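A.B. asks: I have a structure here, written as structure tokens, and I will follow up with some questions on it.
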Amino acid sequence: MKRLFFLFLFITRCLCIADVKVWQCDLQIVELPFIDNENVTAIELPSDLIISPGYYTFKNKKFMVEKGCLRVSDIPYKNEQRLIWNGNLYSFLSGLTWMHTHGYRDVDKNYQQSLEICKKDKLFKVCGGISIFAKKLLENLDIPTRLICFLTLQPWNSYDNGHSCIEVFWDGKWQLFDIDLKQVITINDEIITHIPLVQEVFFLEFYATKNVAMLSYECSYQC
């Protein structure tokens, strides 16, 4: 039975033609073209999760990546993912959200294990886990980051008592990012901290019956 199984795998792989494709994922997914110019110098794709923008090679294919998340697929053999740090926080966090899906598969994985998963696959964590992971990623880039936890005012249950986000000190101020939900919250087109959001929650809780104006904010998928 084992021989038949391995023979099946061998035949399947022989019938599959490797097809290398490269994508850059930021606010949208863009398939990157390969570069045939011999005068362009490129290096082999590094093993680190976070890399700089530039020219890289994979399986002798040369390409350039600038921002967000890099996805390299060598169907059916190998997949690689990298985060691009080009000095743009929003593009970096956008790339991270492409690597993450809300779920429980990797909730018990530590930081180093999560790094390795991100290089090859989607990372499945809930809000607290992905927020802690993002915080450590940014702190390793010397970017001040803090964990923000919200708790419900409603009676507690066993599965949904709050939510976790991160705040990043960027451009001279703290800014709130919800990595799990892939959102930022803005007031008058400015990314806010948690304080106005909490104030609005209390506002809605205690003054819902009053005839007064509420804060106006919108959620935008910028990260």
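What follows draws every value from the coordinates through simple rules; no lab data is involved. Since this is a predicted model, take the numbers as computed values, not measurements. Glycine gets a Cβ as well: all are built from the backbone with ideal geometry, and neighbour counts include every protein chain shown.
A.B. asks: Picking from ASN39, LEU93, GLN113, whose Cα lies most toward the positive end of the charge dipole for the stretch 20-125 (charges on Cβ: Lys, Arg +1; Asp, Glu -1)?
C.D. replies: Selected residue: GLN113.
A.B. asks: Please find the FRET efficiency linking LEU153 to ASN39, where r is the Cβ-Cβ separation and R0 is fixed at 45 Å, and quote it to the nearest 0.05.
C.D. replies: Efficiency for this residue pair is about 0.10.
A.B. asks: Same structure, new question: Just how far, in whole angstrom, is the stretch 133-207 from the stretch 75-108 if you go by their alpha carbon centroids?
C.D. replies: Using only Cα atoms to place each centre, the spacing works out to 20 Å.
A.B. asks: Can you sort ILE75, ILE132, ILE148 from fewest to most other Cβ atoms within 10 Å of each residue's own Cβ?
C.D. replies: With the sparsest Cβ surroundings first, the list reads ILE75, ILE132, ILE148.
A.B. asks: Could you list which residues have their amide H under 5 Å from that of ASP26, counting only those 5 or more apart in sequence or on another chain, with H placed in the peptide plane?
C.D. replies: Placed amide hydrogens put CYS69 under 5 Å from ASP26.
A.B. asks: Assuming R0 = 30 Å, what is the FRET efficiency of ASN60 and ILE29, from their Cβ-Cβ distance, to the nearest 0.05?
C.D. replies: On the way: r = 24 Å, r/R0 = 0.79.
It comes to 0.80.
A.B. asks: Treating the beta-carbon of each Lys and Arg as +1 and of each Asp and Glu as -1, no other charges, what is the dipole magnitude of the stretch 49-160 about its Cα centre, to the nearest 20 debye?
C.D. replies: Using Cβ point charges on Lys, Arg, Asp and Glu, the stretch 49-160 gives about 380 debye.
A.B. asks: State the extension gain, in nm to one decimal, for the chain segment bounded by ASN161 and ASP74, taking 0.36 nm per residue of separation less the distance between their alpha-carbons.
C.D. replies: Residue separation times 0.36 nm, minus the Cα-Cα distance, leaves 27.1 nm.
A.B. asks: Hey, fewest Cβ within 10 Å first, where do PHE177, PHE34 land in order?
C.D. replies: The most exposed by this proxy come first: PHE34, PHE177.
A.B. asks: Here are some pairs, LYS59/LYS136; LYS109/LYS182; LYS21/LYS67; LYS59/LYS120; which of them have Cα atoms lying more than 26 Å apart in this structure? Spell out each step's value before the answer.
C.D. replies: Working: LYS59/LYS136 31 Å; LYS109/LYS182 21 Å; LYS21/LYS67 17 Å; LYS59/LYS120 16 Å.
Violating the 26 Å limit, Cα to Cα: LYS59/LYS136.
A.B. asks: Hey, another quick one. Collect residues whose amide H, placed 1.01 Å from N in the peptide plane, falls under 5 Å from the amide H of GLY54; neighbours closer than 5 in sequence don't count.
C.D. replies: VAL65
A.B. asks: Related question: Could you compute the net charge surrounding ASP36? Neighbours are other residues with a C-beta less than 13 Å from the C-beta of ASP36; K and R count +1, D and E count -1.
C.D. replies: On the way: positive: LYS61, LYS62; negative: GLU38.
Local net charge: +1.
A.B. asks: While we're here: Cut-off is 10 Å between beta-carbons; in what order do HIS100, HIS163 appear when sorted fewest neighbours first?
C.D. replies: Result, fewest neighbours first: HIS163, HIS100.
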